[in-house]
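Structure record follows, encoded as structure tokens.
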Amino acid sequence: MDKIIEVNQLKKSYKKRRSKEYIHAVNDISFTVNRGEILGLLGPNGAGKTTTIKMICGLLIADSGTITVNGINIREKRLGALNHISAVLEGNRNLYWRLTVKENLEYFAGNRGLSRKDVRERIEDLLVKFRLKDKESELVNRLSRGMQQKLAIAVAMLAESDVILLDEPTLGLDVETGYEVRELLKEIVRDYKRTIIISSHDMDVVQDLCERTVIINKGKVVTDDKVENLLKLFDVRAYTLNLGGLLSDEQQQLLLQKFPQHEYTPDTYESILQINLAKSEEIYDLFDVLKLETTPVESIDRSIVNFEQIFMKIVKGDTADEMAQSS
Amino acid sequence: MKWLNLLKANTRKEYLELKRYLPNTIAMLFTFYIVFLGLFGTIQFIGDPSTQDVNTQYVIVNYIFWFLTITVINSIGYEVINEGMRGTLEQLSMSPMGISRIMAARLISTTFINLIIVIVLLYISMLTSGQWLNIDVITIAPILVLTLISMFGVGFIIAGISIILKQVQAFLQILQFILMGLTFVPLSLSPVIAYLPFVKGIDLVREVMIDGLTWSQFTMGDFMLLGFNAIFYFALGLGVFVYCERVAMSKGLLAHY
Ligand SMILES: Nc1ncnc2c1ncn2[C@@H]1O[C@H](COP(=O)(O)OP(=O)(O)O)[C@@H](O)[C@H]1O
Ligand SMILES: [Mg+2]
């Protein structure tokens, strides 16, 4: 497939203030992005997401490693590469507060060398699509945070670049506005064929929007997989059964042998059995055990795993590995 | 074409901001006028009556240039600091036009708009004092252009330093007085001063406006010095700026919020 962005062995460290120590913000990160793909860059605070994004946008020079955009090496031909990129960086303050919504769009277009005439139609389109049309003459400092964020995204869309990077697009927004921005991003994904990289520590954003996710932690890539596969991977067959009575000692013994991880909460009227199945066929073993005493099964629920749990597991697993290695 | 769009966009932004903050703009012009009246009054009442007229003329020209250099050089410094905090500096740095071109466009457009203001102030000052200077546009324009180029160089240096040094605000306060020195110092003090940025240019403008000199009365040396000064400081400024930009991109200083 056509790789529009290739990040190869990227490293960046910052010098700590008033000390000789360095923070390895990005420590050997590699990944690629296919044309037209929506990639989630996921990781806890301080993982190195913003640092990675800024290097791709040419705002930070990497200590080592290479980044190519459309085959252009950003270190060698920075301005050439920037032709294909636009971004909304963290926070929503990257707008001119003394200018109106429309003037901001026009000014940023001008700074990319486009005239007001060139972008007139595009701006109209964006204002309508982003539901900012009735605010076009409003000064930016009078807008709500959500609207400012939408405008910032509109500014990034204006350039019609192949790649758009969004750093924490829903950070600091209330639940409702966060939802609105997510819906808007969905529309963008649907209506404009762009390659989009979204960084976030908000799982909803990634689960909602992304096809693939690169999870980073402490400056390193932890996993790089389709969101779908990750969900499958952790699609632990976790079941919760409500039983209309108690299990016999024999049943309990058998369960312990077959499913050492299970949890049993006895109750004369409604016992609860939580169980993880390694393979789907194991459900028959479970029923064999229950059948011994014809224990009534009132309900069976399959637990739903969300991305957040997966993410926490991966990140925790990663730290556990590290601890195991260092000890 | 792209260049022109860049220039237009920045001129428009400058204009819109001045218009939107009209009370600020008016206050700034008012301050200019009050200070001018103060200087003028001082010369009238305590100056030597025999040199009064010439002194007033000097003050008008110097003061006008001082105002122009402050509004261009000092404000680019403050702008860069503010935009660094706002995050817009990063946004600008992602433009495929490059940040140094955008800064150049800023310098040119700010100068253009402030030049219009300065011309109005010049006429108000002449009207107030009754001292009519020799406004020989044909002679002044080329000198002014070269002088401004040298000024842009200094603007670039200030913009660059403002990106990488956070404590630059205190320096910008002092800079006003450095600029005052550069615009008020007479070349007759020492020939070496002519090598400082835009001093030679302002000196030539003074000679035109006060002593009524024309092109033909300047020497080849004057032109050479003026041209050299413009090229040297512009190149130096651009070099310093590009260097500072690279430092900022290595250390992550384009945004300090
Ligand atoms: N300009 C900077 N100077 C010094 N340290 C920084 C700077 N920017 C980020 N860091 C540090 O680098 C690490 C990664 O930061 P960042 O890339 O912002 O992570 P994320 O965006 O994933 O939260 C953090 O430990 C952060 O404190
Ligand atoms: Mg971040």
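The values are calculated or read from the model by the stated rules, or taken from the named source; none is laboratory data. Worth saying up front: this structure is predicted, and the values here are computed from it rather than measured. For neighbour counting, all protein chains shown are included, and Cβ atoms are generated from backbone atoms with ideal geometry for every residue, glycine included. These accessible areas exclude ligands, DNA and RNA; they are computed on the full protein's heavy atoms, side chains included. Shrake-Rupley method; radii C 1.70, N 1.55, O 1.52, S 1.80 Å.
Below, the figures for the structure above:
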read-out: Expected 222 nm ellipticity per residue - DSSP helices of 4 or more, -39500 (n - 2.57), all of the protein assembly as shown, to 500; value: -18500 deg cm²/dmol
read-out: The stretch B:240-246 - phi-based ³J(HN,Hα) in whole Hz, Karplus 6.51/-1.76/1.60, Gly and Pro as x; value: 4, 4, 4, 4, 4, 4, 5
read-out: Size of the protein assembly as shown as Cα extents on the principal axes (Å, biggest first); value: 123, 51, 45
read-out: Of A:Glu211, A:Glu176, A:Glu187, the one that fluctuates the most in a GNM where chain A has Cα springs shorter than 10 Å; value: A:Glu176
read-out: Occluded residues from the stretch B:1-39, i.e. those whose accessible area drops by 40 Å² or more once the chain is not alone (1.4 Å probe); value: B:Asn5, B:Ala9, B:Arg12, B:Lys13, B:Glu17, B:Arg20, B:Tyr21
read-out: Protection proxy ranking, peptides A:214-223, B:216-225, B:150-159, average beta carbon neighbours within 10 Å, highest first; value: B:150-159, A:214-223, B:216-225
read-out: Shielding of A:150-161 by partner chains, average beta-carbon count, 10 Å; value: 1
read-out: Expected-Rg normalisation [2.2 N^0.38 Å, Cα atoms] applied to chain B; value: 1.05
read-out: GNM flexibility winner over chain A from A:Leu165, A:Leu185, A:Leu255 (Cα, springs under 10 Å); value: A:Leu255
read-out: Under the Debye formula (equal points on every Cα, no solvent term), log10 I(q)/I(0) of the stretch A:3-232 at q = 0.12, 0.13 Å⁻¹; value: -0.66, -0.77
read-out: By average C-beta atoms within 10 angstrom, highest first, the peptides B:7-14, A:18-25, B:101-108, B:118-125; value: B:101-108, B:7-14, B:118-125, A:18-25
read-out: Whole-Hz ³J(HN,Hα) from phi, Karplus 6.51 cos²θ - 1.76 cosθ + 1.60, for the stretch B:88-101, glycine and proline x; value: 6, 4, 5, 4, 5, 5, 8, 6, x, 6, x, 5, 5, 5
read-out: Percent carbon-and-sulfur accessible area, the protein assembly as shown, ignoring ligands, DNA and RNA, probe 1.4 Å; value: 58 percent
read-out: Simple label model, 7 Å out from Cα along Cβ direction - A:Gln309 to A:Leu171, nm; value: 2.8 nm
read-out: The stretch B:27-132: translational diffusion in µm²/s, Stokes-Einstein, Kirkwood Rh over Cα pairs, 37 °C, 0.692 mPa s; value: 207 µm²/s
read-out: Interface B:A - total buried accessible surface [probe 1.4 Å, Å², rounded to 100]; value: 3400 Å²
read-out: Angle between chain B longest axis and helix B:52-69 axis [Cα atoms, degrees, rounded to 10]; value: 10 degrees
read-out: Axial C-alpha extent at least 30 Å, average Kyte-Doolittle at least 1.6 - helices from chain A (DSSP); value: none
read-out: The stretch A:145-227: proportion of alpha-carbon pairs further apart than 18 angstrom, %; value: 42 percent
read-out: Shielding score for A:46-54, defined as the mean number of other chain Cβ atoms within 10 Å; value: 1
read-out: Residues of the stretch A:72-164: accessible area per residue with a 1.4 Å probe, Å²; value: 40 Å²
read-out: Alpha carbon centroid spacing (whole Å) that separates the stretch B:143-220 from the stretch A:88-146; value: 38 Å
read-out: From the C-alpha gyration tensor of the stretch A:236-303, square roots of 5λ in Å; value: 17, 14, 11
read-out: Entries in A:Lys16/A:Lys316; A:Lys11/A:Lys49; A:Lys129/A:Lys186; A:Lys102/A:Lys133; A:Lys54/B:Lys2; A:Lys12/A:Lys54 that, when Cα-Cα distance is taken, lie over 18 Å; value: A:Lys16/A:Lys316; A:Lys54/B:Lys2
read-out: Gyration tensor over alpha-carbon atoms, the stretch A:188-289, equivalent ellipsoid semi-axes in Å; value: 42, 15, 13
read-out: Pairwise centroid distance, computed over Cα atoms, of the stretch A:264-279 with the stretch B:46-115, Å; value: 76 Å
read-out: P(r) tail fraction, the stretch B:79-203 - alpha-carbon pairs more than 20 Å apart, %; value: 57 percent
read-out: Heavy-atom accessible area, 1.4 Å probe, ligands and nucleic acids excluded: residues of the stretch B:86-108 down by at least 50 Å² from chain alone; value: B:Arg86, B:Thr88, B:Glu90, B:Gln91, B:Met94, B:Pro96
read-out: Å² of accessible area per residue within chain B, as computed with a 1.4 Å probe and no ligands counted; value: 44 Å²
